[in-house]
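Read through the structure below, which is laid out as structure tokens, and then see the notes.
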Amino acid sequence: MTIWNLGSINADMIYDVPHLPGPGETLSANRLDQFLGGKGANMSVASARAGARTAHIGAVGPDGRWARDRLTEYGVDTRHIAVVEVPTGHAIIAVDAEGENNIILFQGANHAISEDQLGQALSSAEPGDLLVMQNETNLQVEAAKMGRELGLTVCYAAAPFQADAVQAVLPYLDFLILNEIEAEQLQQATGQTVSDLTVQHVIVTLGSKGARYFHNGADSDFPAHKVQAVDTTGAGDTFTGYVLAGMDRGMPMAQAITQANRAAALMVTRHGTADVIPDLKEVREAQLG
Ligand code: RIB
């Protein structure tokens, strides 16, 4: 099986700061590092490192060939990443001493994916493959519809959260992942709780508390490992990529989530995004509390 990921690709400029800047504040960073990022690219790298065949559908500008090359080096199929005449997306990320962040996104080429490109990529998809999207590209609804028509398992990571973006894809979804606050925002927008949704599999991530899985009217909790976090950026994407890889391999969801919790725990102990996502061997062998 293949995981098809219609996903963003960013250059992440990560600034290590003493605290997250407030309104009107000028703040000196202690350090600046550049990583491959974007919620989409992070998920592709995570699922590839978890052992799943992963094909990324996306776009970079002429300044982003390095990002496509890096995804290839990380084992992602990049044949459906276009180079367009729009600058590559980027993210300005401040990370404080506790590992918390805030992020400014420049969408750039992530919103210049063409319908032809999407159609051509998915014409190679087979029923039973997975299709995942996040809210950082154009064509989310078109992809979800196409995925449903082709018999793919359609997955959506509702990040960055926008209630209307989730509502637009909701009728086509088999799997939805969002965090606690987003679940509340979705309830405010739709009047539906997570357990009211007709989506077959729903995961609500609970940050350092772990994750809750909703399926068939029941829910189960998966506590997170206790680790010393240095940077939480990309941990949610790593979790999602590992869950998808588990689903793709036919693992019971409980096992996929347990493994994804380990991957996310390891990820928060590292500075950076896609480049530092742990592989399956590291995830299996890590000594975690
Ligand atoms: O979730 C982290 C990601 O959000 C970063 O890699 C950044 O590029 C933004 O998309």
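The values are calculated or read from the model by the stated rules, or taken from the named source; none is laboratory data. Everything numeric in this text was worked out from a predicted model, so none of it was measured. Virtual Cβ from ideal backbone geometry, glycine too; neighbours counted across all protein chains shown.
Can you find a residue that is crowded, with 22+ Cβ neighbours inside 10 Å, part of a helix (DSSP H, G or I), in contact with a strand residue (DSSP E or B) (Cβ under 8 Å, 6 or more places away or on another chain) and not aromatic (F, W, Y) anywhere in segment 149-164?
no
Consider segment 75-90. How many of its residues are of a type in the set (A, V, I, L, M, F, W, C) and not in a loop (DSSP other than H, G, I, E, B)?
Residues flagged as of a type in the set (A, V, I, L, M, F, W, C) and not in a loop (DSSP other than H, G, I, E, B) within segment 75-90 amount to 3.
Out of all the residues in segment 63-70, is one or more over 18 Å from the mean Cα position of the chain (by Cα), within 15 Å of the ligand (Cβ to nearest atom), buried (at least 19 other Cβ atoms within 10 Å of the Cβ) and at pLDDT 95 or above?
Looking for residues that are over 18 Å from the mean Cα position of the chain (by Cα), within 15 Å of the ligand (Cβ to nearest atom), buried (at least 19 other Cβ atoms within 10 Å of the Cβ) and at pLDDT 95 or above, one finds at least one in segment 63-70, hence yes.
Within segment 198-220, track down each residue that is in contact with a Phe, Trp or Tyr (Cβ under 8 Å, 6 or more places away or on another chain) and not small (G, A, S).
Passing the criteria: V199, Q200, H201, V202, I203, V204, T205, R212, Y213, D219.
Within segment 108-115, is there a residue that is in a strand (DSSP E or B) and exposed (fewer than 15 other Cβ atoms within 10 Å of the Cβ)?
no
Determine if segment 182-205 includes at least one residue that is among the small types (G, A, S), within 16 Å of the ligand (Cβ to nearest atom) and surrounded by 15 or more Cβ atoms within 10 Å (Cβ to Cβ).
The answer is no, given that none of the residues of segment 182-205 is among the small types (G, A, S), within 16 Å of the ligand (Cβ to nearest atom) and surrounded by 15 or more Cβ atoms within 10 Å (Cβ to Cβ).
Hey, can you tell me all the residues within segment 116-139 that are outside any strand (DSSP E or B) and either under 18 Å from the mean Cα position of the chain (by Cα) or closer than 16 Å to G37 by Cα (or both)?
Hits for segment 116-139 are D129, N135, E136, T137, N138, L139.
Report, by residue number, each residue of segment 221-246 that is within 16 Å of the ligand (Cβ to nearest atom) and either over 21 Å from D16 (Cα atoms) or of a type in the set (A, V, I, L, M, F, W, C) (or both).
A229, V230, A235, F239, T240, G241, Y242, V243, L244
Among the numbered criteria (1) of a type in the set (D, E); (2) at pLDDT 95 or above; (3) surrounded by fewer than 19 Cβ atoms within 10 Å (Cβ to Cβ), which one does D77 miss?
(3)
For segment 228-257, how many residues are β-branched (V, I, T), over 20 Å from V132 (Cα atoms) and buried (at least 17 other Cβ atoms within 10 Å of the Cβ)?
Qualifying residue count, segment 228-257: 1.
Scanning segment 15-42 for residues that are among the aliphatic types (A, V, I, L, M) and within 9 Å of the ligand (Cβ to nearest atom), which turns out surrounded by the fewest Cβ atoms within 10 Å (Cβ to Cβ)?
L36
It is to be established whether one or more residues within segment 96-111 are farther than 30 Å from T26 by Cα, modelled with pLDDT of 95 or more and away from the ligand (no atom under 15 Å from the Cβ).
no
Among the numbered criteria (1) out of contact with any Gly (no Cβ under 7 Å at 6 or more places or on another chain); (2) surrounded by 15 or more Cβ atoms within 10 Å (Cβ to Cβ); (3) touching a residue at least 40 places away in the same chain (Cβ under 8 Å); (4) under 19 Å from V202 (Cβ atoms), which single criterion is violated by A224?
All conditions pass for A224, except number (1).
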